[in-house]
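The values are calculated or read from the model by the stated rules, or taken from the named source; none is laboratory data. Just so it is clear, the model here is predicted, and its values are computed rather than measured. Ligands, DNA and RNA are excluded from the accessible area calculation, which covers all protein heavy atoms including side chains. Shrake-Rupley method; radii C 1.70, N 1.55, O 1.52, S 1.80 Å.
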Amino acid sequence: MDEQGLEQREGGGFMFFGRRFPVEKEEETLISTEIYSCSDDSCIGWMRKNFASDDLLCPMCGSTMDSGVKDLPEI
C-alpha cells in the first residue's frame, strides 16, 4: 500500500482505504422520569408512566406494578 492509501490488486484494479473520522455523538441528557416497575422480584419489567396501561399490570408477567423514578433519556 502506498502513502495515499491505494493498493494495487491482481488484475490491475486499485482499492482505496480511506480513514473514517469519528462521529461525534450528542451528549444524552438524562431526566428523572416517573415509571412503574413490576412488584415481582423475579421479573425485570418496567415502563414509563406515560406509556402505562390503565390496569397497571406488568406486560411481561401480569403482576401488579409499583411506582418509582428512574433517570432516563428524554424522548
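Here the accessible area of the range 17-75 is 49 percent carbon and sulfur, with a 1.4 angstrom probe and all protein chains present.
In this structure, the amide hydrogen of Ile35, modeled 1.01 Å from its nitrogen in the peptide plane, lies closer than 5 angstrom to those of Lys49, Gly68, Val69, Lys70, counting only residues at least 5 positions away or on a different chain.
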